[in-house]
């Protein structure tokens, strides 16, 4: 039986770029597809247009899935330098409402 995994901590942060809007950071290391995209979508639903979500993930499929999701949903996404074993994405929420 697999041990119960605790949910990632969502914390308000200010991204390191000087002109960035305040946002949230998601540490999704240890989660596999499709969980990183599902958690990212949930976080984006709670943010205002223009806010940023920083995502840390070690799922190799997320390198494709996160940019694809953002492209389909109209969000801006950029990959930041890797942090140890995790790839890092900066996602800026678009003005278009997400479907319910």
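The values are calculated or read from the model by the stated rules, or taken from the named source; none is laboratory data. What you see is a predicted model, and the numbers here were worked out from it, not measured in a lab. Virtual Cβ from ideal backbone geometry, glycine too; neighbours counted across all protein chains shown.
Of the residues making up the stretch 66-88, those that are closer than 15 Å to residue 31 by Cα and within 11 Å of the chain's Cα centre (by Cα) are 66, 87, 88. Taking the criterion of being closer than 15 Å to residue 88 by Cα and in a helix (DSSP H, G or I), the residues of the stretch 42-67 that qualify are 62, 63, 64, 65, 66, 67.
Checking the structure you have, find out if any residue of the stretch 80-87 is at pLDDT below 95 and not in a strand (DSSP E or B). Yes - at least one qualifying residue is present in the stretch 80-87. The single condition from (1) outside any loop (DSSP other than H, G, I, E, B); (2) at pLDDT below 90; (3) touching a helix residue (DSSP H, G or I) at 6+ places or on another chain (Cβ under 7 Å) that residue 98 fails is (1).
Residues in the stretch 42-57 that are within 12 Å of the chain's Cα centre (by Cα) and over 11 Å from residue 24 (Cβ atoms): 45, 56, 57. Take residue 53 and decide whether it is out of contact with any strand residue (DSSP E or B) (no Cβ under 7 Å at 6 or more places or on another chain), farther than 13 Å from residue 87 by Cβ, surrounded by 14 or more Cβ atoms within 10 Å (Cβ to Cβ) and modelled with pLDDT of 95 or more. In short, no.
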